[in-house]
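Enquirer: Please read through the structure below; I'll follow up with questions.
No lab work stands behind these numbers, since they all come straight from the coordinates. These figures come from a predicted structure and were not determined experimentally. Backbone-built Cβ (ideal geometry, glycine too); neighbour counts: all protein chains shown.
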Amino acid sequence: MSTPRLVQAPISICFSEVGLDKEVYEREYQQLSESDEDPISQWLKLAKAKGDTRETDPILLELVVELHRKIDSLEMFLKNKVPNRVSLISASAIESIGFEYFKIESAILEEGTLYYGRIEMPIYPKHDVGVFFEAKSPTLVKIIKMHDRDEKEWNAYMTARERILIREEREKR
């Protein structure tokens with residue numbers, strides 16, 4: 001296997017070996033998808049489908065929706081509620097990412113093993129990304145399954161990181 005092109009990225013992941021809990025991880029993966037979002041997102045999709053948002057500024061609408069999510073988040077915090085998430089055994093910083101691969105800092109993976117993980121993407125709006133991946137080495141993994149929307153955001157983030165690193169390298173010269 002040739003070495004994939006990776007760029008440094010300051011993100012982290014929580015993960016567990018899939019093993020016997022595949023159905024539990026699959027359920028959370030589906031819950032993290034765009035089809036099972038919070039009520040305001042579902043309302044917005046329905047309004048867009050009906051054409052009710054045609055005369056609305058899309059950026060302003062997205063900002064108002066995100067403000068609503070923040071208020072919901074604050075309300076959950078005040079009521080001491082936490083989102084139902086599957087507990088994952090391991091955590092590691094992600095050292096570098098590529099379009100289909102990423103590399104973690106800790107050499108704790110078993111080669112050929114399937115894992116499920118949750119990555120909090122540092123993009124707007126912040127959200128958790130569910131991902132199934134296979135260990136190609138103790139640190140290098142290949143992404144097996146990621147939602148389309150999340151894959152697009154992952155690729156955009158990877159490209160943005162690459163641009164930042166190129167700019168930093170030019171400034172050093």
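Enquirer: Kindly evaluate MET121 against the criterion of being surrounded by 14 or more Cβ atoms within 10 Å (Cβ to Cβ) and touching a helix residue (DSSP H, G or I) at 6+ places or on another chain (Cβ under 9 Å). It would help to see each step written out before you state the result.
Expert: Working: surrounded by 14 or more Cβ atoms within 10 Å (Cβ to Cβ): yes; touching a helix residue (DSSP H, G or I) at 6+ places or on another chain (Cβ under 9 Å): yes.
The answer is yes for MET121.
Enquirer: Also: Is it the case that some residue within segment 83-97 is without any contact (Cβ under 8 Å) to a residue 12 or more places away in the chain and closer than 21 Å to GLU153 by Cβ?
Expert: Within segment 83-97 (the criterion being without any contact (Cβ under 8 Å) to a residue 12 or more places away in the chain and closer than 21 Å to GLU153 by Cβ), the answer is yes, since at least one residue qualifies.
Enquirer: Moving to a separate point now. If the requirement is being under 24 Å from THR3 (Cβ atoms), surrounded by fewer than 14 Cβ atoms within 10 Å (Cβ to Cβ) and out of contact with any strand residue (DSSP E or B) (no Cβ under 7 Å at 6 or more places or on another chain), which of these qualifies: SER106, SER87, SER137?
Expert: Values: SER106 fails: out of contact with any strand residue (DSSP E or B) (no Cβ under 7 Å at 6 or more places or on another chain); SER87 fails: under 24 Å from THR3 (Cβ atoms).
SER137 is the lone residue from the list that is under 24 Å from THR3 (Cβ atoms), surrounded by fewer than 14 Cβ atoms within 10 Å (Cβ to Cβ) and out of contact with any strand residue (DSSP E or B) (no Cβ under 7 Å at 6 or more places or on another chain).
Enquirer: Another question, if that's okay. Could you grab me the full set of residues in segment 96-140 that are under 30 Å from LEU67 (Cβ atoms) and not hydrophobic (A, V, I, L, M, F, W, C)? Spell out the reasoning first.
Expert: If we filter segment 96-140 for residues that are under 30 Å from LEU67 (Cβ atoms), which is where we start, we get 97, 117-131.
Matches in segment 96-140: GLY117, ARG118, GLU120, PRO122, TYR124, PRO125, LYS126, HIS127, ASP128, GLY130.
Enquirer: Restricting the search to segment 134-165, which residues are without any contact (Cβ under 8 Å) to a residue 24 or more places away in the chain and part of a strand (DSSP E or B)?
Expert: Answer for segment 134-165, where residues must be without any contact (Cβ under 8 Å) to a residue 24 or more places away in the chain and part of a strand (DSSP E or B): GLU134, MET146.
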